[in-house]
1. Taking 8 Å as the Cα distance limit and 6 or more residues as the minimum spacing, I'd like the relative contact order of the chain as a percentage.
2. Treating cross-link reach as a plain straight distance, find the aspartates and glutamates whose alpha-carbon is under 12 Å from the alpha-carbon of LYS392, omitting any fewer than eight places away in the same chain.
3. Using a 1.4 angstrom probe with every protein chain in place, what is the largest-first accessible-area order of HIS341, HIS373?
4. Taking LYS470 as the anchor, which lysines have their alpha carbon closer than 25 Å to its alpha carbon, excluding any fewer than eight residues away along the same chain?
5. With all protein chains present and a 1.4 Å probe, how do HIS520, HIS139 order by accessible area, largest first?
6. Below 8 Å, C-alpha to C-alpha, sequence gap of six or more: please give me the relative contact order for region 35-141 in percent.
7. Could you work out how far apart the two model spin labels at GLU463 and ARG374 are, taking each label as a point 7 Å from the Cα in the direction of the beta carbon, and quote it in nm?
8. Enumerate the aspartates and glutamates that LYS506 could reach by cross-link, defined here as Cα to Cα under 12 Å, with residues fewer than 8 away along the same chain left out.
Amino acid sequence: MPSYTAPVKDLQFVLHDVLEVAASDIPGYSELERDFTEAVLNEAGKLASEVLLPLNAVGDSEGCRLENGVVYTPAGFKEAFGKLREGGWNGLDLPEEFGGQGLPYLMSTAVGETTVSANMAFNMYQALTHGAINAILAHGSEAQKATYLPKMVALEWTGTMNLTEPQAGTDLGIMRTRAEPQAEGSYKITGQKIFISAGDHDLSENVIHMVLAKAPGGGEGTRGVSLFIVPKFLVNEDGSLGARNAVSVGKIEEKMGIHGNATCVMNYDGATGYLIGELHKGMSAMFVMMNEARLGVGLQGYALAEVAYQNALAYARERLQGRDVTGARNPDGPADPIIVHPDVRRTLMDQKSFVEGARAFTFWGASLIDRAHRSGDAAADGLISLMTPVIKGFLTDKGFEMCVAAQQVYGGHGYIEDSGMSQFARDARIAMIYEGANGVQALDLVGRKLAADGGKHVMAFFEMVKGFIKENEGDDALKRDFLDPLKAASKDLQAAGMFFMQNGMKNPNAALSGSYDFMHMMGHVCLGLMWARMARAAMAALEAGASDADFYKTKIATGRYYMARQLPATAMHLKRIESGAGPVMALDAAAF
Ligand SMILES: Cc1cc2nc3c(=O)[nH]c(=O)nc-3n(C[C@H](O)[C@H](O)[C@H](O)COP(=O)(O)OP(=O)(O)OC[C@H]3O[C@@H](n4cnc5c(N)ncnc54)[C@H](O)[C@@H]3O)c2cc1C
């Protein structure tokens with residue numbers, strides 16, 4: 001049975017040593033003093049390891065079940081959800097007027113990492129609610145906010161996001177669900193949505209579905225799509241629950257992982273729905289929330305890699321096989337622990353350096369979201385829009401890869417379900433697919449985000465990297481091990497951008513054949529920048545005589561590994577990009 005301890009020291013390091021949150025000018029950040037965030041993270045960590053982790057395997061083996069139209073979650077989920085509710089965890093970053101605590105989004109991101117590491121399937125019931133709350137906050141009328149938000153913030157009601165249909169996944173413009181206007185102002189929603197996470201369950205008394213559907217007069221494609229609130233139980237004037245709405249669960253999908261989360265086929269048979277936001281502007285209403293939702297999925301990637309790594313490390317320390325080639329380390333035992341072997345070290349370093357870099361990248365992204373929302377900073381908004389597909393695509397690809405790497409440390413035992421390592425890999429796999437498949441994230445990055453606003457956000461990113469290098473070049477140790485590799489990788493990234501500019505217009509396939517490589521390349525450069533920032537912070541702490549010198553030295557060594565062993569991947573990605581569409585598109589579709 002896997003274990004999990006919230007890495008509070010590492011979380012604190014990013015918040016305080018790297019991002020220096022308490023000194024930030026972002027409104028609300030001054031509240032995030034070291035002691036305060038430590039206390040919150042310790043509490044969250046306790047809930048994660050004592051309550052949620054033990055239910056992770058239960059959720060995986062038991063799954064959810066549909067009986068007579070009612071969805072039941074695995075044993076223990078209901079009680080644990082009650083604890084989440086009682087602790088007020090859902091409202092951490094939500095407005096105080098609706099019962100939240102009004103803390104920065106960054107704080108709920110840090111807490112969210114611990115919940116996802118411990119039990120991703122469980123976390124999704126809350127995460128989807130959070131998404132629906134954000135939709136209502138951004139687009140709901142005052143009456144809608146008053147009706148739904150207090151109950152949803154308190155987790156008495158939960159939420160879902162209904163986009164996907166059998167024939168409409170990535171291409172939502174071809175959706176068929178219809179919305180017919182009614183005389184009294186509501187709509188009748190008819191159609192089928194599939195793969196709806198947390199679609200129904202026994203954790204809350206009502207489920208508030210956010211449903212995309214086509215209302216008359218909107219025309220073809222995504223332009224015709226509007227967003228509707230469709231409650232499972234209609235809500236009376238006084239806020240009490242009324243009649244059951246005409247929405248039902250067709251089935252629960254059998255799937256590869258996240259068995260503890262009910263992935264439902266939802267049937268809408270003339271269900272009562274209420275328009276939210278502007279008619280025929282449903283897609284843009286949905287997309288307002290995308291930065292946050294996609295950052296949350298990127299977080300799932302590395303949070304699962306974190307828990308998988310923690311277990312791989314413990315196993316590598318105790319599993320005895322073979323001898324250290326430089327001399328026995330455990331001469332009295334039958335063999336040495338496998339952590340002595342360079343190849344096992346390599347994989348542990350891959351995992352560790354990825355997770356810690358990814359955490360810094362995600363937290364930085366969350367701080368950009370806070371800056372954009374709380375300070376109304378357009379540059380931060382532009383930058384996070386650019387980074388969102390990278391956070392989602394790169395961190396979930398690598399997160400899955402690292403879960404597999406952690407499983408590999410267990411050898412055959414990792415393949416056997418008892419170890420729990422296979423669950424991490426199976427759970428991590430979905431993050432590469434939902435919330436926009438990773439290939440589509442790469443398309444978004446190269447096809448849209450790079451050129452957005454005349455390319456000014458990517459230029460701002462390059463300037464930021466250049467500025468950081470210039471500012472710190474005087475430090476020889478930082479320059480040799482961190483800044484020089486970062487400069488080389490950033491040059492590769494700029495060369496790839498130049499290739500797209502020169503070739504993409506005349507042949508879009510030339511750019512899109514390299515889009516996936518570009519997404520990974522940019523992910524590496526971002527993690528390289530994060531490691532350079534972390535190394536600088538660790539060096540500064542050592543110079544200041546920090547009491548825990550080993551912690552900071554370990555950070556620097558881990559960063560050096562990333563720069564030496566991972567960052568050079570940009571050169572390979574550039575080569576692939578510069579080969580253009582030729583090799584990729586050489587075969588006619590019929591010739592495969
Ligand atoms: C467990 C689970 C939970 C989910 N939860 C939800 C939920 O809560 N709400 C919800 O609405 N949906 C949900 N989904 C649906 C999910 O978001 C979609 O599966 C996903 O967006 C991809 O759509 P699709 O499966 O139809 O694949 P398709 O759109 O058919 O794509 C198939 C492949 O083609 C590629 N592709 C498609 N178009 C392009 C293009 N233009 N350029 C390049 N490549 C392209 C994709 O990258 C993908 O690899 C969930 C899915 C699963 C499996």
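1. Averaging sequence separation for qualifying contacts and normalising by length gives 13 percent for the chain.
2. Reachable aspartates and glutamates: GLU292, GLU435, ASP444.
3. So, going from the largest accessible area down, we get HIS373, HIS341.
4. List returned: LYS456, LYS479, LYS487, LYS491, LYS553, LYS555.
5. Greatest to least solvent exposure: HIS139, HIS520.
6. 29 percent
7. Going from the GLU463 label point to the ARG374 one covers 2.4 nm.
8. Of all the aspartates and glutamates, none pass the test against LYS506 - Cα under 12 Å, at least 8 places apart if same chain.
The values are calculated or read from the model by the stated rules, or taken from the named source; none is laboratory data. The shown structure was predicted, so the numbers you read here are calculated from the model rather than taken from an experiment. Here the Cβ is made from the backbone with ideal geometry for all residues, glycine too, and neighbour counts use every protein chain on show. Ligands, DNA and RNA are excluded from the accessible area calculation, which covers all protein heavy atoms including side chains. Shrake-Rupley method; radii C 1.70, N 1.55, O 1.52, S 1.80 Å.
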